[in-house]
Amino acid sequence: MMDAFRRLGLPRRFTIDRGQLEKAYLTHSRAVHPDYHLTGASAELHASLELSAEINEAYNTLRDPFRRAEHLLRLEGGPTASEQKQLPAAFLAEMLEAREEIEQVRGHPEKLEGLEARFRQRYESLMNDIATIFEQLENPDSPRRANQLAQIRSLLNAAQYIRGLIRDLHAE
Amino acid sequence: MNSLQVVGIDLGTTYSLAAYVENGRAMVVRDTHGVALIPSCISFHEDGTVLVGSAAKARALLDPEHTIFSIKRLMGRNLADLKKELELIPHQIVERETADGRKVLHVNIAGREYTPEELSAMILKEVRRRAGNPSKAVITVPAYFDDSQRQATRDAGRIAGLDVLRIVNEPTAAALAYGLDRRGQGIIAVYDLGGGTFDCSILSLSEGVFKVLATHGDTYLGGDDFDRLLMKAVAADMGVDLSHKDPELLQHLRDAAERTKIALSLAENAELKVEIPTRALHYTRTFSRSEFEQMIQPLIERSLERCQSALRDAQLTPSQVDEVVLVGGSTRIPYVRRRVGEFFGKTPHTELNPDEVVALGAAIQADILTSGRRDMLLLDVVPLSLGIETLGGVVDKIIHRNSTVPARGVTRYTTAVDNQTAILLNIYQGERELTKDCRFLGTLKLAGIPPMPAQFPQVDVTFLVNHDGILTVTAKEQRSGAEAQVTIQPAHGLTREEIEKLVEQSIEYAQQDFTARRLIELRNKAEADIRHTHKGLAEAGDQLTPQQRDAIVTAEEELRAAIRSDDLSALQQAIDRFAQVTNPLATIIMNEVIKKRLSGIAERELKPENI
């Protein structure tokens, strides 16, 4: 499996600087983009296509916090949140409440914006919690580590659920 | 200008033109009268002569049955796609199914059938001739063109005797043309309303890199549609039914409608006049600008909805757009300018001629590809998702729309029965869930899977969309490591052999002896590949495994033998094979390039000139 962090020459950690990511992406793209290798050997063009595709893939993975977290979990040896779909215990009540709120704004487009903003805020706060746990992640031999990873997975699933709600708001 | 090697070509629905870069400046190719636009129009004459451009357009009224235009609308299409178009096309369009199941469109004109690729090639040849017969070109397409439409355009270039370096999206080219004197950064929206197609692209510009964030469009929306609205209004007024093919009347109506439309961009009122003396037909009606604006309003709304979708995909709002660029002749319409300005909340750029800006951008891209300059880079996207049909007619998306190209996607397949050695998969392009709502591109056959029990093989199918937005597919069986043979049976278009044949048939090349020329080209390429590889081996050969080195030695011997022979296809195969075995070496070297470029510049600013 490709290590997206290594592909773009960035340190392997969840919290990344967006500006640094953009710069790394553009620098790598400039080095390998097929437009600059059209006049070279066939193998060179081919390699530049493959590497550019990898760089694009790495960039897309790291740009999105959810995919970045999943990628880190995979690099840790898994499982990922998509592979183990448990949710935080308290989240069930929140889900029901959110569904109710969506029902209430149905037919009231003026209230939609406010609800969406709240969902986005919630998503951000879940991502912040995830970032904190990633920062505090213990060494691989620590007994607490498995628990921390499980926590990250359940928070990620909650965030993914919220993201689904935001999408549903627009689908109406 | 007499020794142009490479040009940028805007192959438009109504007009085509070429541009080139000289001393760092992009210039449009003009004739002795200063005219740059070549009407994308062809006329066929009884004595066998074929005229292209304004001479052909002049014939349209006199001899509509033997004059053809708007060929771009037919490119990469089949009959089913064109249902709503057909009524207004005065020619007979037929679909022929080939022995291998491809559906190929033909236009019946002057007693002969032509594919849209051949007709577009005639236009490209004329554009090429006026530019002094350059051998290489960058050709633009609407951003929203799908894989078959891009392929068809590439093939047309090939038939016209051009080495098509790159297919570039029109709005991206336009941004490139405008970006020349702007070194800043920001978000650019390109609103491109041409004769037949509409595109809206959102780009970010930063340190010379143009990155397309999202693109949306409609391949059936353009100035032609405005003409049609006028034509329909007039036809209703005259009490005639347009679906009865009447080429003479259609052509006169079209001509009058176009004139009226153009006049209404300058005046508040314009007269629409149809005169056919032989039929004693004299018709006049005055249209006001506001009347015309009311007619086109729904179409403009539709275009702005696409802009909204593009912005949503880019996760931006209209106010976050810094610059708005207008492209295409239809953006001369005051109503269009006003509505676009209102939508984005800023005055659009109109400094460059909207008819020429795409060709200028294409010329700049051609210059980047051939001159070694690295001050600018285009990062474009796939306009429509690509996927494979799964159970129940659902499309499993492998590469999502708006992914930056080159883009890659991998999916795994297995076999259904014991010892199955081949798998057939249908490829689709589009956003909808079901295959019936997406465009069928072709059938993918994976063969050479080692015999194993059912469900045991793991065939990884890799989709790669290259820098032209064109799909290639490779596959590997993971348990055995065997490369599966991949053949794509396209649903439309021409095969490589058919294209080569058309190139050979073209008179110009028969004289030059096409095969000999191709042999020379390929031999040069093969020798360059060997040279590059030797250089690479000296640099990084020690990083290869002994097997990899042996494979290169063997392939090189085969390639050298093929260079000595006169067998074109054997030489092509040997080049492909050599490229395949030298790929690991090229990858290692490319990675070294990245390392070198990155080391030492970390502490300095990452400026384009340092990279």
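The values are calculated or read from the model by the stated rules, or taken from the named source; none is laboratory data. Being a predicted model, the structure only gives us computed values, none of them experimental. Note that we place each Cβ from the backbone using ideal geometry, even for glycine, and neighbour counts take in every protein chain shown.
Couple of notes before you dig in:
- For the stretch B:534-554, the condition of being modelled with pLDDT under 90, touching a Lys or Arg at 6+ places or on another chain (Cβ under 7 Å), exposed (fewer than 15 other Cβ atoms within 10 Å of the Cβ) and facing chain A (nearest Cβ under 10 Å) holds for none of the residues.
- Among the residues of the stretch A:20-59, those that are of a type in the set (Phe, Trp, Tyr) and more than 30 Å from residue B:559 (Cα to Cα) comprise A:25, A:59.
- Criterion: outside any loop (DSSP other than H, G, I, E, B), in contact with a helix residue (DSSP H, G or I) (Cβ under 8 Å, 6 or more places away or on another chain) and not small (Gly, Ala, Ser) - qualifying residue of A:137, A:96, A:149, A:87: A:149
- Condition met for residue B:100 (more than 14 Å from every other protein chain (Cβ to nearest Cβ), farther than 29 Å from residue B:253 by Cβ and among the charged types (D, E, K, R)): yes
- Residue in the stretch A:117-128 that is farther than 19 Å from residue A:12 by Cβ and in contact (Cβ under 8 Å) with a residue 60 or more places away in the chain present: no
- When residues in the stretch B:125-164 are screened for being surrounded by fewer than 24 Cβ atoms within 10 Å (Cβ to Cβ) and in a strand (DSSP E or B), 3 of them pass.
- Top-ranked residue in the stretch B:21-37 [being of a type in the set (Val, Ile, Thr) and more than 17 Å from residue B:137 (Cα to Cα); ranked as farthest from the chain's Cα centre (by Cα)]: B:32
- The one condition from (1) away from every other protein chain (no Cβ under 14 Å); (2) surrounded by fewer than 20 Cβ atoms within 10 Å (Cβ to Cβ); (3) of a type outside the set (Asp, Glu); (4) assigned to a helix (DSSP H, G or I) that residue A:72 does not meet is (2).
- The number of residues in the stretch B:403-423 that are closer than 13 Å to residue A:56 by Cα and more than 13 Å from chain A (Cβ to nearest Cβ) comes to 0.
Here is a yes/no grid of residues against (1) of a type in the set (Gly, Ala, Ser); (2) touching a Leu at 6+ places or on another chain (Cβ under 9 Å); (3) within 14 Å of another protein chain (Cβ to nearest Cβ):
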site: B:184; (1), (2), (3): yes, yes, no
site: B:189; (1), (2), (3): yes, yes, no
site: B:193; (1), (2), (3): no, yes, no
site: B:197; (1), (2), (3): no, yes, no
site: B:209; (1), (2), (3): no, yes, yes
site: B:219; (1), (2), (3): no, no, no
site: B:222; (1), (2), (3): yes, yes, no
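- Of all residues in the stretch B:111-124, those being crowded, with 18+ Cβ neighbours inside 10 Å and outside any helix (DSSP H, G or I) number 2.
- Top-ranked residue of the stretch B:433-453 - restricted to ones that are without any contact (Cβ under 8 Å) to a residue 40 or more places away in the chain and more than 14 Å from chain A (Cβ to nearest Cβ), ranked as nearest to residue B:80 (Cα to Cα): B:437
- When we screen A:24, A:43, A:53 for residues that are within 13 Å of chain B (Cβ to nearest Cβ), outside any loop (DSSP other than H, G, I, E, B), in contact with a helix residue (DSSP H, G or I) (Cβ under 6 Å, 6 or more places away or on another chain) and not basic (Lys, Arg), the only hit is A:43.
- Scanning the stretch B:37-56 for residues that are out of contact with any Leu (no Cβ under 9 Å at 6 or more places or on another chain) and surrounded by fewer than 22 Cβ atoms within 10 Å (Cβ to Cβ) yields B:39, B:46, B:47, B:48, B:49, B:50, B:51, B:55.
- Comparison of B:306, B:289, B:302 shows that the only residue that is over 30 Å from residue B:206 (Cα atoms) and in the same structural domain as residue B:143 (by TED's automatic domain parsing) is B:302.
- Test: residue in the stretch B:238-252 that is touching a Cys at 6+ places or on another chain (Cβ under 8 Å), among the β-branched types (Val, Ile, Thr) and not in a helix (DSSP H, G or I): no
- Selection status of residue B:530, hydrophobic (A, V, I, L, M, F, W, C), within 13 Å of chain A (Cβ to nearest Cβ), over 30 Å from residue B:438 (Cβ atoms) and out of contact with any Ser or Thr (no Cβ under 7 Å at 6 or more places or on another chain): yes
- Which listed residue is of a type in the set (Gly, Ala, Ser), outside the structural domain of residue B:365 (by TED's automatic domain parsing) and not in a strand (DSSP E or B), from B:233, B:173: B:233
- Conditions (1) part of a helix (DSSP H, G or I); (2) at pLDDT below 90; (3) not aliphatic (A, V, I, L, M); number of the one not met by residue B:217: (1)
- Selection from the stretch B:464-500 of residues that are of a type outside the set (Gly, Ala, Ser), touching a Leu at 6+ places or on another chain (Cβ under 7 Å) and in a loop (DSSP other than H, G, I, E, B): B:466
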